[in-house]
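Here the structure is laid out as structure tokens; the discussion comes afterwards.
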Amino acid sequence: MMLEELYQEIAGNYQDIRERLRKEERIEKFVLLFLKDTSYQDMLQAWEQGNLETAFRAVHTLKGVCMNLSFDKLYKAASEMTECLRAGDAEGAAKILPKLEKCYEEHIQAIRKYQEG
Amino acid sequence: MYDKRKINKILIVDDSEMNRAILADMLSEQYEILEADNGIAAVQLLHSYGTEISLVLLDIVMPEMDGFEVLAMMSRYHWIEEIPVIMISAENSHSVVERAYELGATDYISRPFDEVIVCRRVINTIMLYSKQKKLISMVADQMYESEKSNTLMVSILSHIVEFRNGESGLHVLHIGTMTELLLKRLREKTDAYDLDTAKISMISKAAAFHDIGKISISENILNKPGRLTEEEFEIMKTHSAVGADMLENLPLHKDEPLVKVAYEICRWHHERYDGRGYPDGLKGEEIPISAQAVSLADAYDALISERVYKKAFSHEKALSMILNGECGSFHPLLLECLSDIADHIQEKLSINSLNRGSEKEIHNIVERLLSHKELASSNRTLSMLEEERIKFQFFASMASEIQFEYSVVPSMITISDWGAEKLGISRFIVNPSENQELLSIISKEKMIELDQILRCTTPDSPIVEYEVELNVEGATRFSRIISRALWSHGDKTEYSGAIGKIVDIQEEQKELKRLKELASMDPLTNLLNGAYAKKEIIHMLYTYPENEYALIIFDLDYFKTVNNERGHVFGDRVLKYLAERLKSNIRTDDLAARIGGDEFLLFVRYDRNIEQAVSRIFSAMTGEYDGFKLSVSMGIAKTTTEGRKYSDLYHCADLALFAAKRKGQGCYVFYDKKNCTSNAPTTISPIDPSFEE
């Protein structure tokens, strides 16, 4: 699978990242690095412990990472979650969480598939 | 090989490793990259690298310490003036960006990162800053040059006037210094006059012109030794308006701020607050504050200087004359300022006089330094600061001491490496009064108390020694915190934090306690000694007025015989034995002391039946020790009948003991006026002469 196909699958913006990061190898390096990024797990953990402030910071980081990787769909989900948690709206966040979870898993699976060739 | 292009270090601060990696990847070809994953780590790196860092890329939302707080720290340490900061954040809201700029950020890059934009902005900012640094130093040098010639012109001109007046030549300098002191103090008291440092400095300089109008007054009048006639005085009075006209009619420069201030001063430095001055009879706030300050300074200096028509008055006399209104009326607030600075005036004026001699030399040194053009002044200051920082860190690391630095804004404590390790806490502690790590070492109350004490110091005596129990490595340790409050010297003196160190005084305290105990003990019997017992008894009588006590003195009958027949070593053993029995027969609150060779004192509290208690102690003291028959004679005085004065109680007990001896020994007697004569000799032979009444 090509990088471009991966971006199609996860509804990211390949053209955008290509323009910004310039080199294919560099894009690949960071996309693969996303598998090791812990901000999503950090958010889940803080959420389960009821620590909204830490959860906010973690999902905020996730949002920034997605933005940099042009993962537009996940970025959008993370953004919604960020705003809910920023406002301290736990109820709203609980509603959004399943969507974010699904979207995140899709990304991870697609990237793994790409990694395996 | 040394890569010249990598000479610049860039610090990337972002809590996401991924984001740091992307930026590092974009920049690492040209720059050396330092990374920090939160604000505290960033401040730590800034501490250790200082201005070696050429640029900071700073995220806003981070754990521990966020980007705004990092900016605040950077401005506190003045890094922000030398190290540009570019904010990077997914926050694009206007207010966030605005706040970052307000706190001193140079630029803002929003996510997602674009390689071209990131590299371009970084290069631009670094170049801009280095250009700016060069420009600043060039301007500073030029300003220094022009400043120097300005001051020179001012002093030449004013000295011409002065020498013509036959004045000492110090008058102009004194007035400048006094004016500056008065206005600085005034600024601390009120914001009403919009006095900043530059304005005060300008007024003080312009003060030199106050008497230039005297150039038009004939020398006969100026230097007349006696009183001026009314006519002469009228001529003399024209000097203020004349001087002002001279400045107003300057063909060039009359719009310069310095000239304008000088005009005010010339024209109105003889006006008085109540409107009785000249030339215009202005009143109160109609008189510019510059002229008011100079006129007060002029009045003071005229009084303490010798003139052809008068002798010099003392500083104290001059002050009281002015404050009593003998020199006309002045602004009440300025008079307050004069009283406030009264103690410093003489010192400051004498410093200024001395400086004149060395002025030339200072100029020479400065000139020599300035001839090294590549070493421009601001860079020089920087490199000196850098050197100081390295020195400080070096000594701190060698010292094996807990050293700390506290800043009020942002509220933060920085602890030396060694100290942090010793205490087992972080080097950087934000918001200390809420920090759990720190609170496990020192209680919140103590921390707040120390802060209060520091705030109550003054810039003149800023050092505080504070003793407190700290919890170090799981044990309570007596510690002394020696700390110095830092007072900022900006426009207003303000408490900005403190530095200090923590010294362990546990051993010292222990030793002190041991010495205290030692000083209170009789070495043979381990009972209290007489002097200490006396102090304690007086203390108890005073502290517990509700309690009734009995003071008992007793001695061992036939003790002399024991010493003579069986030797002193045996005698000592008898005394020790007796002391042990005594100790086991009194309550812990009671006092037992050895006050003479074989004399003892007891001080016991009693409720009702003192007879019974005394009888019990008496029989405990009676018996046998190693073939020696123990027998004592006792005298007792009670607070219920003899009052609460120590000397009375002691005297009565002594008399009662004498009565017991007379009765044939081996008995006890309560003091009573009838059975105890007051002319009996004292039975006590003190060990300690200071114990005698």
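No value in this document is a laboratory result; all are computed from the given coordinates. Source: prediction; values computed, not measured. Cβ atoms come from the backbone with ideal geometry, glycine included; neighbour counts cover every protein chain shown.
Averaging sequence separations of C-alpha pairs under 8 Å and six or more residues apart, then dividing by the length of segment B:404-505, give the relative contact order as a whole percent.
Details: 175 pairs, mean separation 24.5, N = 102.
Result for segment B:404-505 is 24 percent.
Rounded to the nearest 500, what is the 222 nm mean residue ellipticity of the protein assembly as shown from helices alone, with -39500 (n - 2.57) per DSSP H run of 4+ residues and division by all residues? Please list the in-between numbers first.
Values: 32 runs with 446 residues, N = 810.
Rounded to the nearest 500, the figure is -17500 deg cm²/dmol.
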How much length, in nm to one decimal, is gained on full extension between A:ARG112 and A:GLN49, taken as 0.36 nm per residue of separation minus their Cα-Cα distance? 19.8 nm
Provide the packing ranking of B:595-603, A:21-29, i.e. peptides ordered by the mean count of other C-beta atoms within 10 Å per residue, highest first. B:595-603, A:21-29
Can you give me the C-alpha center-to-center distance between segment B:464-509 and segment A:5-43, rounded to a whole angstrom? 52 Å
Report, in degrees rounded to the nearest 10, the 0 to 90 angle that the Cα long axis of helix A:39-48 makes with the longest principal axis of chain A. 20 degrees
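Calculated FRET efficiency, B:PHE395 and B:SER496, Cβ-Cβ r, R0 22 Å, to nearest 0.05? Walk me through the numbers before you get to the answer.
Values: r = 22 Å, r/R0 = 1.02.
Plugging the Cβ-Cβ distance into 1/(1 + (r/R0)^6) gives 0.50.
Once the other residues with Cβ under 12 Å from the Cβ of B:ARG573 are scored (Lys, Arg +1; Asp, Glu -1), what is the net sum?
Working: positive: B:ARG566, B:LYS576; negative: B:ASP572, B:GLU580, B:ASP626.
Net of charged neighbours comes to -1.
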Under 28 Å Cα-Cα from B:LYS310, which lysines qualify once same-chain neighbours fewer than 8 residues away are excluded? B:LYS205, B:LYS214, B:LYS224, B:LYS237, B:LYS348
Can you give the local net charge around B:LYS237? Use residues other than it whose beta-carbon is closer than 15 angstrom to its beta-carbon, Lys and Arg +1, Asp and Glu -1. -3
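Extension gain B:GLN452-B:LYS510, at 0.36 nm per residue separation less the Cα-Cα distance, in nm? Present the calculation step by step, with values, prior to reporting the outcome.
Working: separation 58, 0.36 × 58 = 20.88 nm, distance 2.84 nm.
Separation in residues times 0.36 nm, less the Cα-Cα distance, equals 18.0 nm.
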Note: B:25-38 gets an average of partner chain Cβ contacts (10 Å, Cβ to Cβ) equal to 1
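If I stretch the segment between B:LEU258 and B:TYR466 completely, what's the gain in nm (0.36 nm per residue apart, minus their alpha carbon distance), one decimal?
Working: separation 208, 0.36 × 208 = 74.88 nm, distance 4.95 nm.
Extra length from B:LEU258 to B:TYR466 when fully extended: 69.9 nm.
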Calculate the mean, over all residues of peptide A:52-64, of how many other protein chain Cβ atoms lie within 10 angstrom of the residue's Cβ. 4
Pair A:GLU5, B:ASP245: separation of 7 Å Cα→Cβ label points (nm): 10.0 nm
Whole Å is fine, so just give me how far the alpha carbon centre of segment B:72-87 lies from that of segment B:538-611. 74 Å
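Can you give the net charge of the other residues whose Cβ lies under 9 Å from the Cβ of B:TYR309, counting K and R as +1 and D and E as -1?
Working: positive: B:LYS224, B:ARG227, B:ARG307, B:LYS310; negative: none.
Around B:TYR309, the surrounding residues sum to +4.
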By the Cα gyration tensor axes a ≥ b ≥ c (a/c under 1.5 gives rounded; else a/b larger than b/c gives prolate, otherwise oblate), the shape of segment B:166-367 is rounded
